[in-house]
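The block underneath contains the structure these notes are about, expressed in structure tokens.
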Amino acid sequence: PFATIISFITLISHADRNVYPSAGVLFVHVLEREYFKGEFPPYPKAGDSSNDPITFNTNLKGYPDRPGWLRYIQRTPHSDGVLYGSPASEHMGKPTIIEITAYNKRTFETARHNLVINIMSIEEFPLPYQAEFFIKNMNVEEMLASEVLGDFLGAVKNVWQPERLNAINITSALDRGGRVPLPINDLKEGVYVMVGADVQFSSCLREVETPQNQLRCSQEMEPVISCDKKFRAQFHIDWCKISLVDITKVVPVHSNRPDAGTGVLPDIGEYNPPSESLKNRDYFADFLITLAVPSAVAMVLFIILAYSMCCRREGVQKRNMQTPDIQLVHHSSIQKSTKELRSMSKNREISWPLSTLPVFHPVSGEVVPPIHPDNYETTSMPLMQTQTNLQNQIQIPQQQSSGK
């Protein structure tokens, strides 16, 4: 017997929420976990309901993903999610419905509600002067916090002194091709923040365009900016990556795009498959091309190689003809001397080494044959022999008297 556990996923719908962002201005919407916790069963332990891991999934209603201008980030299931982006003017006049689905990973339940984004127009859109800063010591979710973003805009306003200043867009450095930082020394990913104003850039912001600072940037050194101290307390700005754009001087580029169709293929009639009565095809020519011709070429190459290896050898006679006579004489004399020494060494009479003499088996007492056969080759005898054998072998010839 076994038990089958079935998890029921409950889908709870909320009422639609309406927001009214402005075109060309940064839009930030926080998906708070506390907003959805009331729809899920309470945690068994009192006071631990905040530990439920909740993740969010966002998509445009009727589509699998969000609009191109809208982004979403949530670091962990225990943190809030954030929707952010900068809507453009072409998105005005049409409500954008975002479906938000919350998943409780403890109870496997879901809750869903719709976020209706009504994009409004603003005066003087877009702002003519735009500056993009790269902040090295911030992550995108930290920069999206209203307090942190307000502090940054306050510092920029103190330096720029505009009448109107808006945050246009925020982009993570990872979305620009940046690398994920190592988890050491509290390193951050970095974030690009674009702001717009209605007045010319201040002299402090243009200091990075001086030749001295451009040279320092090319040498990967920090430029000298007089107003950097107004940001340094909280924001570490990479001034070499600052971008100043005056859109009043930008030449618009118009691309001629074809008119979009209805998305329905034209009616070209019914599909007519090929007839069943196919003509006979002769494959003999294909056989010759694919098998016979390559085999013939391979056979010719094999014959040429065999002739070169076996029939074109020089031989001993040709080698001797090309060798000088004096070298052949030297080689012949050395070979004859070697053969003569070997024949003399075989004919000399010396006693056998001790290792070749018969021995007796220590248990049975039988005679064990010697290790070497009778036709022992004397050229392989050991050079060291016993003292007794040396005395028997070495005989000093005596001088005979002159009378004898």
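Quick note: the coordinates plus some simple rules give every number you see, no bench work behind them. All values derive from a computational prediction rather than experimental measurement. Please note: Cβ atoms are built from the backbone with ideal geometry, for glycine as well, and neighbour counts cover all protein chains shown.
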Fill in the blank from the handout: Expected unfolding gain across L174-M299 under the 0.36 nm per residue rule, minus the alpha-carbon gap, is 38.9 nm
Handout entry: Spatially proximal aspartates and glutamates relative to K339 (Cα-Cα < 19 Å; intrachain offsets below 8 disregarded)
Key = E349, E377
Exercise for the section: Using Cα positions and a limit of under 22 Å, work out the lysines in reach of K188, with same-chain residues fewer than 8 apart set aside. Expected result: K136, K229, K230, K241
Exercise for the section: Check the stretch 17-119 and count each lysine pair with an alpha-carbon distance under 20 angstrom, considering only pairs eight or more places apart or from different chains. Expected result: 4
Exercise for the section: Between S343 and L244, with labels modelled 7 Å along Cα→Cβ, what's the label distance in nm to one decimal, could you check? Expected result: 10.8
Completion exercise
Amide H neighbours of S22 at under 5 Å, excluding residues fewer than 5 places away on the same chain, with H built from the backbone geometry, are M120
Problem - Rg/Rh ratio calculated on Cα atoms of the stretch 17-119 (Kirkwood radius) - result: 1.02
Exercise for the section: Work out from phi, with θ = phi - 60° and the Karplus expression 6.51 cos²θ - 1.76 cosθ + 1.60, the ³J(HN,Hα) of each residue of the stretch 177-182, listed in order in whole Hz, and give x for Gly and Pro. Expected result: x, x, 9, 5, x, 5
Practice task
Please give the peptides 148-155, 321-328 ranked by average Cβ packing (other Cβ atoms within 10 Å per residue), highest first, as a rough proxy for protection.
Solution key: 148-155, 321-328
Fill in the blank from the handout: In Å, the Kirkwood estimate of hydrodynamic radius for the stretch 129-249 over Cα pairs equals 15.0
Exercise for the section: Along Cα→Cβ, 7 Å out, is where each label goes; now give me the distance between the ones at M221 and I97 in nm to one decimal. Expected result: 6.0
Fill in the blank from the handout: Spelling it out for I168: with amide H atoms placed in the peptide plane at 1.01 Å from N, the residues 5 or more places away or on another chain with amide H under 5 Å from its amide H are L26, M194, V195, G196
Problem - Sites T107 and L265 - FRET efficiency at Förster radius 56 Å, r taken between beta-carbons, to 0.05 - result: 0.75
Exercise for the section: Sort 213-226, 264-277 for me by packing, meaning the mean count of neighbouring Cβ atoms within 10 Å per residue, highest on top. Expected result: 213-226, 264-277
Practice task
Collect residues whose amide H, placed 1.01 Å from N in the peptide plane, falls under 5 Å from the amide H of H236; neighbours closer than 5 in sequence don't count.
Solution key: K136, N137
Fill in the blank from the handout: Expected unfolding gain across D151-I334 under the 0.36 nm per residue rule, minus the alpha-carbon gap, is 55.7 nm
Practice task
Report ³J(HN,Hα) in whole Hz for each residue of the stretch 25-36, in order, from the Karplus equation J = 6.51 cos²θ - 1.76 cosθ + 1.60 where θ = phi - 60°; Gly and Pro get x.
Solution key: 10, 4, 10, 10, 9, 8, 8, 7, 5, 4, 5, 9
